[in-house]
1. How about the stretch A:267-277: which of its residues are more than 8 Å from chain B (Cβ to nearest Cβ) and either assigned to a loop (DSSP other than H, G, I, E, B) or more than 15 Å from B:N197 (Cβ to Cβ) (or both)?
2. Kindly check whether there is at least one residue in the stretch A:226-248 that is farther than 24 Å from A:A44 by Cα and surrounded by 14 or more Cβ atoms within 10 Å (Cβ to Cβ).
3. Take the residues in the stretch A:1-54 that are assigned to a strand (DSSP E or B) and within 14 Å of chain B (Cβ to nearest Cβ), then tell me which one is nearest to B:L190 (Cα to Cα).
4. Within the stretch A:91-118, work out how many residues are small (G, A, S) and not in a helix (DSSP H, G or I).
5. Considering only residues that are in contact with a His (Cβ under 8 Å, 6 or more places away or on another chain), part of a loop (DSSP other than H, G, I, E, B) and either surrounded by fewer than 20 Cβ atoms within 10 Å (Cβ to Cβ) or within 14 Å of another protein chain (Cβ to nearest Cβ) (or both), which ones fall in the stretch A:282-321?
6. Take the conditions touching a Phe, Trp or Tyr at 6+ places or on another chain (Cβ under 8 Å), buried (at least 22 other Cβ atoms within 10 Å of the Cβ), under 14 Å from B:P261 (Cβ atoms) and within 11 Å of chain B (Cβ to nearest Cβ) and apply them to A:V183. Does it pass?
7. Looking at B:V98, is it surrounded by fewer than 20 Cβ atoms within 10 Å (Cβ to Cβ), under 28 Å from B:Q192 (Cα atoms) and not basic (K, R)?
Amino acid sequence: MRDEVLLSVRGLHTWFELRRWGFVRVGHVHAVDGVSFDLHRSEAVAVVGESGSGKSTLAKTILGLHLPTKGEIVFDGRAVHGQEDLRWYRSRVGYVQQDPYGALPPFMNLQRILEEPLAINGITSQEERLRRIRKVLDEVKLTPFDDFLPRFPHMLSGGQQQRLVVARAMILEPKLIVADEPVSMLDASVRVEILQLLRGLQAKHNLSVIYITHDLSTVRYFCERVFVMYGGMIIEQAPVGELLRNPRHPYTQALLAAISDPDPENATRMKEVPPGEPPSLLHPPSGCRFHPRCPAFMQGICEVEVPPDFQPATGHHVACYLYDERRQAIPAASSPA
Amino acid sequence: MPQNGVLSVEDLRLYFRTSKGPVQAVDGVTLRLERGRTVVVVGESGCGKSSLARAILRLLPRNVDTYAGRVWLNGVDVMSLPEERFRREVRWVRLAMVPQAAMNSLNPVVRVGDQVAEPLLVHGRAASPAEALRSAQEIFRQVGVPIDFLNRYPFELSGGMRQRVAIAMALITVPDVVVLDEPTSALDVLTQANIMNVLKAIKRDMGASFILITHDIATSSELADDAAVMYAGQVVEVSRAEQFYREPLHPYSRALMASVPTLRGEKTLGFISGRPPSLLDPPKGCRFADRCPARFSRCSEEPPLLKVGDDRLVKCWLYA
């Protein structure tokens, strides 16, 4: 059961057409540009990247909110293509949004918010609806139940709002939850509570979770595997412990080095930061998208072709020519330290 | 009595008038900043840390109910200065600020070089616009913005570059103290690290004194010499950075530190249940008592800032 694939994404591209004055086509923004992965049942993966890396577009494409330009999504053995597939698929996938207050309709009370997905999916019996609402509120610990049902979103604290968003995502008993930065708008002391809640639900219901975040320091407490995105592509994927101990891609190494832990020693040293800015997705750089900023850039190799997947260790994939075994014979100009 | 240190804040209060009564956003804050050092003010949303920044710079909204206390800058009580003198001689001359989301507060139709040079001209610190622009060039070099960006408009710059421009604008008058309100919170990890490097270099090369206001404890350690923790409008702990990040004392600081995930080293995360008290009618005793795992009978009285060791202050009866 554990190793069974729930969601399979193959060669996913989501491009947005960019026009000037409404009709002159300028080009395409390559927000997601060739992403493939398998997600197993009851597995939690984190997709980590900076703003503009395409992680949110990937989440929305997986949710069926953007239609992919190219590529395929296979869920539970069924390819998601037309309207009929989408309807079937969406009732099995839950979405936890980033900004809880923005994601909740301010004019609906808690009961109406939670009833709506049930109504759309044809559960007409009032008794059945209330039973399911009660169950899900109990799971996200918004109790006592009667006290919360008539409340409106603005009457809840930030943490409670986010728990309501989780409840709404859970009410149709999905198999997959896509959580797009679920805690980035919350205070530090509440973040952990929400992450533990999601983790608990995941274990209890054998859920698969895709956790989109820019914050690498939270992934260890939440996920089994990590995908690192840069310029619309997944450039490294590995089990979480392996990635944190042994990051391979120069970008991942830079990202890890840039994150601070609360440590008074930090004030005494400068951080190493690669120069430059994330790439334009309208005209992405040739070859490896990190090559203009990369400290280990190899002329004549990195800028020529997009690096394929190399596997320096079992389960550890990295798209970087430093790990091309055929090139190991060449004395490396700079080692991947 | 003038206080030593470049900036001292004494029993600062800022209450806002609302239809439900006064909100005690800043309630008796006492802080001291020594020259060339950085004091970090950490706290969660709604604890009054941004109001503290505004209170120090006297950037007040209309609905002020109470504004009282003392702010000493280089031994001068600037709170007692009339508004016009404060504006001419203190604000943005001796005391500057990088406001929250500063990178989005630049004027979109003015070239960034002109915006950065403006404080010098307004305060008569430069003889001519050309001289002010030369100073702007110099400050751009220090914050790491290419000189040819002087002629660009804000929309032509990335977020990190705009943030540097905002920092340059605060530094151009060479103020005694710069208040940084969440200078990196809207930025990406790599950009954040870059901005922190810039601030560290400025601190080292120009001897600048900073008050860094943030909710991000991990990043705050990059710049901190001293740390102050705010909760419900009050400072509950003041410590040297080396002690604070290793072993905070106040139960709230401890719980807050325990909720910060770390990348290096194993740690069990905790969280604080409940929510902070309303600042409309805060509890009489310790404001954290309701959520505190260590509360006892005495917590129904308000604790003073108690001295622990040589230089730590904690507002908690556990240390009486």
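1. Once the filter is applied, which keeps residues that are more than 8 Å from chain B (Cβ to nearest Cβ) and either assigned to a loop (DSSP other than H, G, I, E, B) or more than 15 Å from B:N197 (Cβ to Cβ) (or both), the stretch A:267-277 yields A:R269, A:E272, A:P275, A:G276.
2. Checked against the condition, which is being farther than 24 Å from A:A44 by Cα and surrounded by 14 or more Cβ atoms within 10 Å (Cβ to Cβ), the stretch A:226-248 yields no hits at all.
3. Here the residue is A:V48.
4. Count: 2.
5. Once the filter is applied, which keeps residues that are in contact with a His (Cβ under 8 Å, 6 or more places away or on another chain), part of a loop (DSSP other than H, G, I, E, B) and either surrounded by fewer than 20 Cβ atoms within 10 Å (Cβ to Cβ) or within 14 Å of another protein chain (Cβ to nearest Cβ) (or both), the stretch A:282-321 yields A:L282, A:P284, A:P285, A:F290, A:F297, A:E303, A:D309.
6. So A:V183 does not fit the description; no.
7. Considered against the rule, which asks whether it is surrounded by fewer than 20 Cβ atoms within 10 Å (Cβ to Cβ), under 28 Å from B:Q192 (Cα atoms) and not basic (K, R), B:V98 comes out as no.
The rows are residues; the columns are (1) outside any loop (DSSP other than H, G, I, E, B); (2) within 14 Å of chain A (Cβ to nearest Cβ); (3) surrounded by fewer than 17 Cβ atoms within 10 Å (Cβ to Cβ).
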residue: B:V9; (1), (2), (3): yes, no, no
residue: B:F16; (1), (2), (3): yes, no, no
residue: B:R88; (1), (2), (3): yes, no, yes
residue: B:V110; (1), (2), (3): no, no, yes
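The values are calculated or read from the model by the stated rules, or taken from the named source; none is laboratory data. Note that the structure is predicted; figures quoted are calculated from it, not measured. Cβ coordinates were reconstructed from backbone atoms using ideal geometry, including for glycine residues, and neighbour counts include every protein chain displayed.
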